[in-house]
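Engineer: This is the structure I want to talk about, given as structure tokens.
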Amino acid sequence: MKHSSSILRNEGFYSDVLDNMRDLVVYLPPSYQLDLNRRYPVLYVHDGQNIFHPAFNGYSWNIHTTADQLIKDRIIEDIIVVGVPNMGMERANEFTHDLEGVCYQDDKVPIQPRGELYEQFIIEEVMPFMDAVFRTKKGPEHTALMGSSRGGQVTYHIGMRRPDVFGMLGIVSPYFYCVDPQTQNEVPMYHTFTAKQPVSKIWIDLGSREGLLVREKHVREVTEKLLQLGYSPDDELVYLYEPGAAHVERDWAARVASPLIHFFGDKGKACGLKLNSGEQMEEVGLIGPSCRLNPIVEYDSGFRMTVLRAFYRIEDERIAQVREDGTVIPLQLGETKVTVQYGDLEAAVTLRVVAEIPSNVQLELIVHAPLNTPDGVKLYAWFPLVHHPETDTYTNQLQIPMHSEWVFQVSREDGKVEVDAAGNKVERHYKALADAKLHIHVEQWSS
């Protein structure tokens, strides 16, 4: 008899610690009803309303379908996944710890940190319930915690504080800094731990199209600090900088197989290597923003990771040097071939050193809204816009860090978003390469 996985909902789970109530959503693997003596490792995931079902934007992590396929292909062991939904307006409070270095007072929204209470809720209320009701394997070696954005931040803090509970951490697109879009002021939102904790497996990732919300330099900063504590690169600590991925559930779903394999499976054999997403040319200035190469290795299981420590060979060492972490040190004008090696695999890119690359570009956003747009309603095109009645346009002028990239749509404060003439969702893409004036014409609004 063929068995399929199931998703159960425990409604109205009350927390004495937080004095609130939420549902718990639980994925049980196909074998759960078949082998009644078997116990299972558990993955706890924040923002649980989005991991099996669509979020407000229509996208889902679809962890259940990914887990089903990986289990069917015998790439990972059978697991239980527990989705812990957020509490809406309380999300930022519950996901924020009051720890040294966490400058929550300067966050973009008012924060009353309840991270330690949320941590207590997970460990002292949710986990005992799961252990009592379901056939779980206990101990940190069988228990993982994962979340994205602020959920990545709280995963990092809970996991590093309680390695006696969680032995595996999935830190996805983590919100480690608050960046003011107008001033570019950067404020840290994470605590720096000073000693290696007995966490056996850490996964950290982000996408290249997350804009100012989550930036590679910030996520890599935390990653490098963890490496300095002694976590082995590309083994205990695995990192992925995914080209083309935005800050959205759809793109987290596209790569969630890799942390699941890291925690619960066998990544298999390395079968492919790309440098900077296979682009042929990488440009860096003698003056300007730093440049780091991004070698991505793929395995026959579908597992992908950025190689944190690699061997680079430079054809003309007078032009540039490349450190083992991928950082490019430009030396003089010119071009040279750079080859990265990982095992038996190689990939190459041409590196061009120019005199200067500006650190920022000037972006002018000009949005032309439909005539039926209500007076006084606020508009956003990733950034807030100012209405000019005399021209009936909505604008903003910004300084954007070079190479910043994001996916967006124009939206209204009342929840309506732009769609095309056929009613299809509009998705726009911007990458900061030069000063630009961006005219956007919204055809119509939809809920």
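The values are calculated or read from the model by the stated rules, or taken from the named source; none is laboratory data. Note that this is a predicted model, so its numbers are computed, not measured. Here the Cβ positions follow ideal geometry from the backbone for every residue, glycine too, while neighbour counts run over all protein chains shown.
Engineer: Give, as residue ranges, the strands (runs of 3 or more DSSP E) completely inside the stretch 380-431 that count at least 1 residues that are among the β-branched types (Val, Ile, Thr). Outline the logic, then answer.
Structural biologist: On the way: elements: 386-388, 393-401, 405-408, 417-419, 428-431.
Hits in the stretch 380-431: 386-388, 393-401, 405-408, 417-419.
Engineer: Of (1) assigned to a loop (DSSP other than H, G, I, E, B); (2) at pLDDT 95 or above; (3) farther than 17 Å from residue 154 by Cα, residue 197 satisfies all except one. Which?
Structural biologist: (3)
Engineer: Another question, then. If I filter the stretch 303-334 down to residues being small (Gly, Ala, Ser) and crowded, with 18+ Cβ neighbours inside 10 Å, which single residue comes out as farthest from residue 350 (Cα to Cα)?
Structural biologist: Quick first cut of the stretch 303-334, residues small (Gly, Ala, Ser) only: 310, 320, 326, 334.
Checking the rest, the ones that are also crowded, with 18+ Cβ neighbours inside 10 Å come to 310, 320, 326.
On the way: 310: 17, 320: 11, 326: 14 Å.
Filtering the stretch 303-334 for residues that are small (Gly, Ala, Ser) and crowded, with 18+ Cβ neighbours inside 10 Å, the one farthest from residue 350 (Cα to Cα) comes out as 310.
Engineer: Tell me which of these residue 372 doesn't satisfy, since it passes every other one: (1) of a type outside the set (Phe, Trp, Tyr); (2) at pLDDT 95 or above; (3) touching a strand residue (DSSP E or B) at 6+ places or on another chain (Cβ under 8 Å).
Structural biologist: It fails just one condition, (2).
Let's see how each residue does on (1) surrounded by fewer than 19 Cβ atoms within 10 Å (Cβ to Cβ); (2) in contact with a Cys (Cβ under 9 Å, 6 or more places away or on another chain); (3) among the hydroxyl-bearing types (Ser, Thr, Tyr):
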{"site": "103", "(1), (2), (3)": "yes, yes, no"}
{"site": "110", "(1), (2), (3)": "yes, no, no"}
{"site": "119", "(1), (2), (3)": "no, no, no"}
{"site": "134", "(1), (2), (3)": "yes, no, no"}
{"site": "146", "(1), (2), (3)": "no, no, no"}
{"site": "155", "(1), (2), (3)": "no, no, yes"}
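Engineer: Let me ask another. Is it the case that residue 280 is among the polar types (S, T, N, Q) and more than 24 Å from residue 429 (Cβ to Cβ)?
Structural biologist: Working: among the polar types (S, T, N, Q): yes; more than 24 Å from residue 429 (Cβ to Cβ): no.
Answer is no for this residue.
Engineer: Against the definition (within 21 Å of residue 301 (Cβ to Cβ), surrounded by fewer than 20 Cβ atoms within 10 Å (Cβ to Cβ) and modelled with pLDDT of 95 or more), how does residue 91 come out, yes or no?
Structural biologist: no
Engineer: Quick one: which of 367, 407 is at pLDDT 95 or above and either within 30 Å of residue 273 (Cα to Cα) or surrounded by 15 or more Cβ atoms within 10 Å (Cβ to Cβ) (or both)?
Structural biologist: Values: 407 fails: at pLDDT 95 or above.
Of 367, 407, the one residue that is at pLDDT 95 or above and either within 30 Å of residue 273 (Cα to Cα) or surrounded by 15 or more Cβ atoms within 10 Å (Cβ to Cβ) (or both) is 367.
Engineer: Somewhere in the stretch 23-43, is a residue crowded, with 20+ Cβ neighbours inside 10 Å and under 30 Å from residue 187 (Cβ atoms)?
Structural biologist: no
Engineer: In contact (Cβ under 8 Å) with a residue 60 or more places away in the chain and buried (at least 17 other Cβ atoms within 10 Å of the Cβ) - does that describe any residue in the stretch 374-381?
Structural biologist: The initial filter retains those residues of the stretch 374-381 that are in contact (Cβ under 8 Å) with a residue 60 or more places away in the chain, namely none.
There is no residue in the stretch 374-381 that is in contact (Cβ under 8 Å) with a residue 60 or more places away in the chain and buried (at least 17 other Cβ atoms within 10 Å of the Cβ).
Engineer: Residue 340 is checked against (1) buried (at least 20 other Cβ atoms within 10 Å of the Cβ); (2) farther than 25 Å from residue 202 by Cβ and fails just one. What number does that condition carry?
Structural biologist: (2)
Engineer: What are the pairs with Cβ atoms under 6 angstrom where one residue, in the stretch 179-191, is surrounded by 15 or more Cβ atoms within 10 Å (Cβ to Cβ) and the other, located anywhere, is modelled with pLDDT under 95 and of a type in the set (Phe, Trp, Tyr)? Sequence gap at least six, or different chains.
Structural biologist: What qualifies is 181/383.
For (1) outside the structural domain of residue 346 (by TED's automatic domain parsing); (2) within 30 Å of residue 350 (Cα to Cα); (3) buried (at least 17 other Cβ atoms within 10 Å of the Cβ); (4) in contact with a Leu (Cβ under 6 Å, 6 or more places away or on another chain), each residue gets a yes or a no:
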| position | (1), (2), (3), (4) |
| --- | --- |
| 207 | yes, yes, yes, no |
| 232 | yes, yes, no, no |
| 235 | yes, yes, no, no |
| 258 | yes, yes, yes, no |
| 261 | yes, no, yes, no |
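Engineer: List the residue pairs whose Cβ atoms are under 7 Å apart, where the first residue sits in the stretch 328-350 and is among the basic types (Lys, Arg), the second is in a strand (DSSP E or B), and the two are 6 or more positions apart or on different chains.
Structural biologist: 337/348; 337/350
Engineer: How about the stretch 214-295: which strands (runs of 3 or more DSSP E) wholly inside it have at least 1 residues that are touching a helix residue (DSSP H, G or I) at 6+ places or on another chain (Cβ under 6 Å) and not acidic (Asp, Glu)?
Structural biologist: Details: elements: 237-246, 270-275, 281-287.
So the answer is 237-246.
Engineer: Still on this structure, I have one more. Report yes if residue 192 is among the hydroxyl-bearing types (Ser, Thr, Tyr) and closer than 26 Å to residue 9 by Cα, otherwise no. Before you say what the answer is, go through the steps one by one.
Structural biologist: Details: among the hydroxyl-bearing types (Ser, Thr, Tyr): yes; closer than 26 Å to residue 9 by Cα: no.
Taking the combined requirement at face value, the residue does not satisfy it.
Engineer: Then there's this: Taking the residues in the stretch 382-404 that are over 26 Å from residue 206 (Cα atoms) and of a type in the set (S, T, N, Q) as candidates, determine which candidate is surrounded by the most Cβ atoms within 10 Å (Cβ to Cβ).
Structural biologist: Only one residue fits best here, namely 396.
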